[in-house]
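Throughout, read-outs are computed from the coordinates displayed, never taken from laboratory work. Note that the structure is a prediction, hence the values are computed from the model and not measured. Cβ coordinates were reconstructed from backbone atoms using ideal geometry, including for glycine residues, and neighbour counts include every protein chain displayed.
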Amino acid sequence: MKKIYLSLTLLAFITLPLLATAGDTGPETMDLKERFKVEGKKKAVIFPHRQHQSKLECAKCHINPQGGGDLNVEIVNMKGARNDFHTKFCWPCHKEMKVPKGRSCSTCHK
Ligand code: HEC
Ligand code: HEC
Ligand code: HEC
């Protein structure tokens, strides 16, 4: 009896966190200016998260292969045109994957 109870609690401990995180795909779109408290006059970037998810593995952007949580690049510098979104995150992938107009200002700031 004790053994069954023990294994049941153990099972709950293992599966509950999995259930809680599984299927959490996050917001469909995100206002990155607001989310990262970016200052400046450029129009806010509304990031199409879901659209990226439909083309890419979560691990292309997130440390966790299941997605969510930290990104696999650290965004520190958020000022001016040499900010880390441009230089470390959005632009390198758009360049690598040859996204049409992937580095044109109006593709993201609109
Ligand atoms: C692939 C997407 C993308 C493209 C293309 C892009 N940016 Fe950005 N940019 C961002 C993101 C994300 C931020 C940070 C979030 C925000 O400001 O909304 C940002 C922030 C900025 C900032 C700092 C914030 C501010 O308001 O001053 C400047 C300046 C900027 N971009 C200029 C440009 C210029 C100029 C171009 C065209 C040469 C450009 N961006 C193209 C994604 C992009
Ligand atoms: C092209 C890049 C990219 C891909 C691919 C991607 N995400 Fe994200 N995701 C982001 C960004 C950017 C954020 C905002 C990060 C932040 O606020 O620190 C985010 C945030 C999230 C969040 C957090 C939402 C919140 O409100 O805290 C979840 C959950 C998430 N993503 C799940 C996923 C899952 C699941 C996948 C794969 C199916 C995935 N993402 C694929 C870029 C991506
Ligand atoms: C790991 C690769 C990757 C990263 C990182 C990435 N993108 Fe993209 N992005 C893509 C691909 C691939 C497409 C083309 C998607 C398609 O054809 O539907 C795309 C397309 C886009 C588009 C055009 C959507 C449309 O068709 O209207 C926007 C806007 C965009 N990305 C914004 C961003 C911003 C902002 C960031 C950084 C915060 C970012 N992306 C980071 C791969 C990436």
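In order along segment 57-73, the phi-based Karplus estimate (6.51 cos²θ - 1.76 cosθ + 1.60, θ = phi - 60°) of 3J(HN,Hα) comes to 5, 3, 5, 5, 10, 10, 5, 6, x, 7, x, x, x, 5, 7, 7, 10 Hz; Gly and Pro are listed as x.
Put in order of Cβ neighbour count within 10 Å, fewest first, the listed residues LEU32, LEU56 become LEU56, LEU32. Remark: spin-label model distance LYS41-GLU28 equals 3.4 nm, labels positioned 7 Å along the Cα→Cβ axis.
Which loop-located trypsin sites (Lys or Arg not before Pro) does segment 19-102 contain, where loop means any DSSP state but H, G, I, E or B and the Cβ has at most 14 other Cβ atoms within 10 Å? Before the final figure, lay out each step's value.
Working: sites: LYS33, ARG35, LYS37, LYS41, LYS42, LYS43, ARG50, LYS55, LYS60, LYS79, ARG82, LYS88, LYS95, LYS98, LYS101; in loops: LYS37, LYS41, LYS42, LYS43, LYS79, ARG82, LYS98, LYS101.
Answer by residue number: LYS37, LYS41, LYS42, LYS43, LYS79, ARG82, LYS98, LYS101.
I'd like the chymotrypsin sites (Phe, Trp or Tyr not before Pro) in segment 34-110 restricted to DSSP loop residues with at most 16 other Cβ atoms within 10 Å, sorted by number. Provide the component values of the computation, followed by the final result.
Values: sites: PHE36, PHE85, PHE89; in loops: PHE36.
Answer in residue order: PHE36.
Which length gain, in nm to one decimal place, applies between GLU57 and VAL73 when the Cα-Cα distance is subtracted from 0.36 nm times their residue separation? List each step's numbers first, then the result.
Values: separation 16, 0.36 × 16 = 5.76 nm, distance 1.53 nm.
The GLU57-VAL73 span can extend by a further 4.2 nm.
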